[in-house]
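A short write-up of the structure that comes next.
The values are calculated or read from the model by the stated rules, or taken from the named source; none is laboratory data. The structure displayed is predicted, hence computed values, not measured ones. Glycine gets a Cβ as well: all are built from the backbone with ideal geometry, and neighbour counts include every protein chain shown.
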Amino acid sequence: MKKIKIAAGIFWAILCLLLILVLFPGLNNFSSGISRFPFMKINPNLTGGEAAEQIVMKSCTLVVRKPVFDGLIGERKQGFVQIDWRGNLPEIISDTIDYDLDKKPDFVIRIGRSESSTVLKPLNPKVRKVGISTPTSYGWSARIKIEK
Amino acid sequence: MLDTFILGLSSGSTCLLTCGMVFFPYLMAGSAGTRKIISDLSFFLMTRLIVYFLLATLAWYFGKTIFTSAIFRNYISGILYILFAVMLIWYSVGRNRKPDCPAKIVTTVNNKKLVPVFLGVVNSLGFCPALLLILTKSATQGTITQSYLAFLGFFAGSSLYFLPLPLAGRFRKKKVFETVGTLATGLAGIIFIIKGFTNLIGGIING
Amino acid sequence: MDETVNNPSMKKSFGKSLLYALPMFLITFVFITGGKPDFSDPAGTLAILATFLGMNILYFLMHYTGKTDKFRAIIFIVFALSLSFTLIRNMLEIRHSMSFSQADIVECKIPFCHLVIPMMILPAAFTKSIIFPGTILGGFANISSMAVLWLVATLVLGRGFCSWGCFYGGWDDGFSRLRKKPVIKKISDYWRWMPFAVLLMVAITAALSLTPTYCSWICPFKAVTEFEQVTGMESAAKAGVFISLFLGLVVILPVLTRKRTQCSFLCPLGAMNSLSNKITPFTVKIDKKACNECFKCVDVCPLFALTPEDVKNGKVSIFCSKCGKCVDACSRKAIHYGIKGIPAGSMKKFSRNIFLFVSFLFIAVFSSGAIITVIKSIFNLFI
Ligand code: SF4
Ligand code: SF4
Ligand code: SF4
């Protein structure tokens with residue numbers, strides 16, 4: 001029994017040694033392998049959700065994302081909707097947004113880029129307040145807190 | 001009632017945040033077997049039920065006048081949070097006091113039976129969005145029975161999350177779990193104090 | 001105690017040490033230079049050579065002197081400093097500031113670090129997604145490759161990761177070595193369970209809020225890497241927490257206690273790594289026959305992994321990071337590197353040789369990128 005234990009221990013140790021040896025040369029392969037696991041995608045609470053609608057305007061494109069309510073189990077009562085403005089933005093952004101795509105406007109948002117000010121005018125009682133409003137590499141993004 | 005049951009069910013995970021975070025460590029800290037845990041858990045759930053009934057009555061009675069006032073809500077819940085959080089920390093520190101510790105009051109205040117009761121109160125007064133919703137609902141609803149039913153539904157839905165907790169007592173290595181549980185209870189106390197203070201200054205933590 | 005107990009020294013002759021160092025020399029050459037060094041950039045080439053040679057000298061010395069911790073600490077601390085330097089330089093170059101903007105969070109461009117791992121598990125199980133605003137593949141410090149590195153390292157080294165892999169641990173390890181004698185001596189080992197409590201809290205809060213709560217509210221290493229821009233009360237409070245935890249647990253307490261207090265009392269990943277000590281084949285063993293219970297090992301252990309009771313029972317606790325400090329301190333060579341299954345007191349040299357090879361290879365290759373970057377920057381200043 002003692003000998004078997006010793007042999008098993010040494011076997012496991014050698015196996016670990018081999019594992020470390022292949023780790024670095026194989027890192028890219030292992031990483032892309034692991035990235036294919038079903039849970040290897042970023043939660044919509046962080047990405048801002050998928051695009052629901054794209055509106056091409058004169059100099060920029062407006063992207064309305066799908067509202068995000070994702071919770072640990074099921075959906076939360078409170079969530080947000082992300083709006084992106086991509087391309088050449090005017091100094092003052094002012095848009096009326098229909099995030100639930102029911103053809104009725106839900107809020108008006110007005111962003112002054114240079115003074116970084118954001119004013120929200122809810123037209124739908126489910127719209128609460130501005131969460132994040134920030135310049136991004138592609139233009140501007142805002143997350144508006146909403147209720148279900 | 002079904003709608004509030006579903007509401008309780010869906011927000012139960014948030015409930016687990018306010019008290020599971022406290023209750024689970026507490027159970028581990030005190031784990032004296034499944035039986036003790038079941039009795040603690042029933043104390044806890046009973047307290048919640050009672051507090052909910054009180055709330056339902058109050059909501060029905062005061063209607064919109066008090067509970068929809070954000071200032072009142074923030075102040076009261078802020079003060080309650082700090083109060084109970086300090087109790088929690090006392091409790092977790094108290095457990096580790098050597099008999100010669102000068103802070104005797106701690107151990108006298110620390111009545112173990114009362115802990116689940118405190119937790120029940122803290123949790124049910126958590127003023128999570130869902131609860132506020134029911135409060136407003138009850139406050140605007142006509143009869144007291146409707147108000148009770150709404151809270152009962154919420155209680156049932158959110159309590160489901162706590163039922164598996166008795167299994168926590170089956171762990172081996174009690175001592176380790178006791179230590180970790182006690183420390184975690186202390187940490188939860190700190191979190192609640194922070195939450196209390198931010199409520200008091202009207203700020204919001206965690207959205 | 002029987003003074004004639006067989007206690008072979010771990011020292012080797014010069015020639016034998018060279019022989020043991022040769023495989024590391026060759027393998028690190030291939031891994032670090034990629035097999036074909038590029039001589040067109042003189043500063044870069046020099047930096048690679050310096051890193052490669054420095055590391056191999058340290059490895060050689062481990063065999064030649066029979067001591068481990070001293071030489072391990074050098075590379076461990078240099079790694080921590082270099083990585084912080086590299087990260088900060090990256091931030092300054094790309095963003096002209098040490099802090100992240102909200103845009104980086106919104107665009108999911110935050111470099112991933114292994115301390116997030118304990119918070120990822122529950123959400124990954126329930127929501128089938130990762131709750132960190134980083135990139136899955138590609139880019140700097142992506143989630144997949146960091147996860148693979150950590151996974152393999154903990155599988156192989158257990159909590160050895162905390163002395164042979166983590167690029168934060170070097171900070172408190174370094175500060176814990178600044179004074180010769182501790183000012184504060186008595187700290188109850190009760191507190192060593194704190195990281196498990198932090199782990200529990202952080203895992204629950206992260207799962208329920210679906211945000212990495214430890215990163216956004218606690219992590220002391222934000223102070224030396226990157227943190228959220230201070231734009232209001234909340235971010236100011238956070239920055240306050242990061243800086244005070246860093247000063248308290250990573251600088252002041254380690255200096256006063258000669259212990260790695262952040263790793264011992266806070267880090268939730270350290271707690272998780274401790275659990276993985278159950279899987280790894282490598283361990284530290286106590287030969288009760290040789291031990292005279294002088295408890296020198298208990299005094300020097302930086303992670304509170306040894307108590308007098310542990311020594312009397314002949315068992316090192318799960319908190320051990322295999323740093324080798326106790327092994328070096330024991331005059332009777334009673335505490336030693338071992339492999340599970342092999343009884344304490346036997347095959348000491350064999351166990352140490354395999355463990356050193358595995359752990360050193362990991363830290364050498366893992367740290368080389370950051371260290372080369374720093375040396376190159378230094379060369380560039382002068383050339
Ligand atoms: S305890 Fe945490 S910070 Fe310290 S070395 Fe381990 S993983 Fe790194
Ligand atoms: S230092 Fe060595 S001899 Fe002293 S207690 Fe530790 S193991 Fe035993
Ligand atoms: S027991 Fe020894 S090897 Fe383990 S952490 Fe402590 S000093 Fe380092």
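Structure above, values below:
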read-out	value
Options C:ALA197, C:ALA207: the member that is part of a helix (DSSP H, G or I), in contact (Cβ under 8 Å) with a residue 60 or more places away in the chain and within 14 Å of another protein chain (Cβ to nearest Cβ)	C:ALA207
Pairs with Cβ under 7 Å, 6+ apart, first in segment C:294-315 and without any contact (Cβ under 8 Å) to a residue 60 or more places away in the chain, second more than 6 Å from ligand 3 (Cβ to nearest atom) and charged (D, E, K, R)	C:VAL311/C:GLU293; C:LYS312/C:GLU293; C:GLY314/C:LYS288
Candidate set: segment C:210-229, residues that are within 14 Å of chain B (Cβ to nearest Cβ) and touching a residue at least 60 places away in the same chain (Cβ under 8 Å); chosen: the one surrounded by the most Cβ atoms within 10 Å (Cβ to Cβ)	C:PRO212
Segment A:41-60 - residue that is at the interface with another protein chain (Cβ under 8 Å from one of its Cβ atoms) and either in contact (Cβ under 8 Å) with a residue 40 or more places away in the chain or aliphatic (A, V, I, L, M) (or both) and, of those, nearest to A:THR96 (Cα to Cα)	A:GLY48
Some residue of segment C:331-341 being within 16 Å of ligand 2 (Cβ to nearest atom), hydrophobic (A, V, I, L, M, F, W, C), within 18 Å of the chain's Cα centre (by Cα) and not in a helix (DSSP H, G or I)	no
Residue satisfying all of: in segment C:243-284; within 14 Å of ligand 1 (Cβ to nearest atom) and aromatic (Phe, Trp, Tyr); surrounded by the fewest Cβ atoms within 10 Å (Cβ to Cβ) among these	C:PHE246
Close pairs (9 angstrom Cβ cut-off, 6 or more residues apart or separate chains): assigned by TED's automatic domain parsing to the domain that holds C:VAL202 in segment C:122-137, part of a loop (DSSP other than H, G, I, E, B) and of a type in the set (D, E, K, R) anywhere	C:LYS128/A:LYS41; C:SER129/A:LYS41; C:ILE130/A:LYS41; C:PRO133/C:GLU107; C:PRO133/C:LYS109; C:GLY134/C:LYS109; C:THR135/C:LYS109; C:ILE136/A:LYS41
Residues of segment C:109-135 satisfying the condition of being part of a helix (DSSP H, G or I) and farther than 18 Å from C:ASN273 by Cα	C:PRO123, C:ALA124, C:ALA125, C:PHE126, C:THR127
Elements of type strands (runs of 3 or more DSSP E) in segment A:61-148, at least 3 residues being without any contact (Cβ under 8 Å) to a residue 40 or more places away in the chain	A:92-97, A:107-112, A:117-122, A:127-136
Those residues of segment C:255-306 which are within 10 Å of ligand 3 (Cβ to nearest atom), of a type in the set (Val, Ile, Thr) and over 18 Å from the mean Cα position of the chain (by Cα), in sequence order	C:ILE286, C:VAL298
Filtered residue count, segment A:26-40, keeping only those that are facing another protein chain (nearest Cβ under 8 Å) and either aliphatic (A, V, I, L, M) or surrounded by 13 or more Cβ atoms within 10 Å (Cβ to Cβ) (or both)	9
In segment C:287-318, the residues that are within 7 Å of ligand 2 (Cβ to nearest atom) and of a type in the set (Asp, Glu)	C:GLU293
